[in-house]
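The structure appears right after this line, and notes come after that.
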Amino acid sequence: MKNNDLKTDQDFERELKNKMNELSASVDCFDRISARAFPENGSDFSDSEFTVSDLENVTGRSRSIPFLKWAAVAAAAVLFVGVIPKTAFFYNFFANLSNDSDKLYRSVVSEITSETEEHEYAVYDMPLEEYIKNDVLITPLYSCPFEECEKTGMSVRIFIRKADTSLTNQIYAVEYTGEYAESNIIAAAKSKATFTDEEIEDIEKSSGTIWRQSNDADTAALNIVRIQSSEDSSYATENIVSSASFSYNIFFKDNKISLSEPETTYFPLETTVIYYPKDEGGYFYDMSCTIPEKEEGYYEPDERLWKTSLYYDGSSAFPEESGSEFERTELFNAETDEDVHMLNKANVVNQPDDDENQAVGSIDIFLNEYDRSELLTSFDIPYGDVTFYIQSMRLYSSSSSDVGLKFKFNGSAKSSSISLNGLETVKGSYTAKSEEAIQKEISQLEEERRQAEENASKAAAVEEEASKAAEAEKELTDRAKAEEAARAVEEYNSSELASIIAEEASKVAAEEQAAQEASAAADEKELSYIDEMLKSSAPTEPKTE
Amino acid sequence: MNCSDSKEALCELYTMFKSSVFAVAFSITADYHLSEDCVAETFIRLAQVKHFSAARGDGKGFILTIARNVALELRRRYKKELSNFIIQSYGEAEKTVEDSIYINQLLKHLSDKQRQTVVLRCCAELSFKQIAKVMKCPETTVKSRYRKAMAILQEKAGEDR
């Protein structure tokens, strides 16, 4: 049927009303009504010659007491209770008929069907492995109630009860295969909390809850920077985007405790979640729950908030261990480092597409620098408001309006940008301090500074004395050394001189001796020459005959 | 007003509420003639109420509650005769057939309770609170059903274009 003109609810309502009026216009049964409601006096219905009692017994036989009917029922009951139970048939029959856990599973599925038909629920659809990995981003207080499955095509649908636009912690989850249909459900889980219709109505009627806008995330973000620095995280070294946080605000019912009034068992609960990437993949995370109506209203919910999780055969579907990529570690309660790591933060909003059943998205963060765009990092994020903490100081010593961050959502063209100038600064400590406390801190710091100066001057004096003493000692040492050296030199010189003298003496002696020998030789030679001369010049005597 | 004694009073009520009662009956039975029978039976029963007084809360909601109960009763009794929500043929009353088919087609994608809620809202012009009283469920449930029904109708209207 073409309903081209039915563009709005009002159009439809008008159309339906008009058609129904047209249809009812032809109804005219008042005569019949008045005939029955106001029968004419003296009306005689006895012309049929039957009275009511006769009409009941047109056969003319007397109506017997229905003894046989009741006797048959009694006999059947005796047989059923007394005889049949003793046979194996009874046990087999009822064993095959149902068992308690199977019945429980069917009752959970039936409850989910009727609840989601009767009341408003937020619905999320995702593959099973996605919910297992990212359960903290989807239902921070509730881990995935189903274990991993090797089969492909397994999905999870989560139903979260709503009170107007607010969420509650009445949650159902079903694991199914293929397309969503009751016949394809293989496991179902339900939360411990259930809200009555009156409670939902009260929440809807109550004036808007003021959520606290907690600064706890800023404090935890500073802790993360300190941790990343002390652990020399390779992720943190290479990335300026340190961590991400988001809030999860719901009306929470805890059946164990009652807060302000005995009959009130539910309260608004703000959960702040912060997480940062591990070097090896996955995330570390922590969460802090507060009750906005109460000052210092920190609240620690139970770890297990699911009431039951069953497969179709009645066996438990709870996982033995979590397959989540999120590992919890203490970030909110760790002591902050007063030596502030200056952080900036950027708030983004991850809007879901028209398909409202999406639960988890992703974001790519780019550094835009003039004409260049560089991918810094990617995060898994929930839908809604998310805050990123950025160590932009590591990039530039002075901010520039031409440099900024671009956030690209879910692998699509949707993006938002913010310049470095536009980032909000996260300062060191956000604990609220009184003026007196601040003054006290200032005086304390002054005292410490004065003490430090005094200690420094004392240390300087001591150092000076020490240096003087050292100098004097050095001088003495030097002198001694010099004397020793002089002695040594003298000794050396003396011994050297003696040896030189001795050497010289021996040389002289040798020379003298040589000279003497030479002289002696010369004399001898001269003498021999003379002899020769003499011999040659003597007259020769005649010879006598 | 005491319609057990006064035909005129009953006639006045009939004139005022006939279309609403018919609408409620039709939303349950989806059959013109059965709905007509429901209308008759409703006012007959109303005539048997000894002390009918709007001041005591016996107003439109009261009448429509009777109408609803009668319609459910007749539908239960004649369930086998009602094949589906498409009326086959009445021969002589083509306009009623046309209108019946049209309305049933409009509402065919809704569940039983959603149909009743929509008709009580649009045709009988009851408030959500009154509807909650007639259908014996919380007001939030009524609002939720109505919103869902409208969403379904919008979606189906869009698909049919």
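Observations on the structure shown:
- Estimated FRET transfer efficiency when R0 is 25 angstrom, pair A:Glu369-A:Asn347 (beta carbons, to 0.05): 0.70
- Taking trypsin sites (Lys or Arg not before Pro) across the range A:122-211, the ones in a DSSP loop with at most 12 further Cβ atoms lying within 10 angstrom of their Cβ are A:Lys151.
- Neighbourhood charge, 10 Å Cβ-Cβ cut-off, centred on A:Lys162 and excluding it, Lys, Arg +1 and Asp, Glu -1: -2
- Anisotropy class of the range A:288-331 from Cα gyration tensor, a/c 1.5 cut: oblate
- For A:Phe252, the residues 5 or more places off, or on other chains, whose built amide H falls under 5 Å of its own are A:Phe267, A:Leu269.
- Label-point gap, in nm, between A:Ala470 and A:Trp70 - each point 7 angstrom along Cα→Cβ: 12.0 nm
- Qualifying GluC sites (Glu not before Pro) in the range A:168-209, DSSP loop, other Cβ atoms within 10 Å at most 13: A:Glu179
- Fully extended contour minus Cα-Cα distance, from A:Ser419 to A:Ser457, at 0.36 nm per residue: 8.9 nm
- Extension gain for the segment A:Val489 to A:Ser315, taken as residue separation times 0.36 nm less the Cα-Cα distance, is 52.3 nm to one decimal.
- Counted by Cβ distance under 11 Å from A:Thr377, the other residues give a net charge of -3, where Lys and Arg count +1 and Asp and Glu count -1.
- Interface area, chains B and A: about 4300 Å² of buried accessible surface, summed, with a 1.4 Å probe and ligands, DNA and RNA left out.
- Solvent exposure, largest accessible area first (probe 1.4 Å, DNA, RNA and ligands not counted), of A:Ile418, A:Ile274, A:Ile442: A:Ile442, A:Ile418, A:Ile274
The values are calculated or read from the model by the stated rules, or taken from the named source; none is laboratory data. Since the structure is predicted, the reported quantities are computational estimates derived from the model, not experimental observations. With ideal geometry, Cβ positions are generated from the backbone for all residues, glycine too; neighbour counts draw on all protein chains shown. Ligands, DNA and RNA are excluded from the accessible area calculation, which covers all protein heavy atoms including side chains. Shrake-Rupley method; radii C 1.70, N 1.55, O 1.52, S 1.80 Å.
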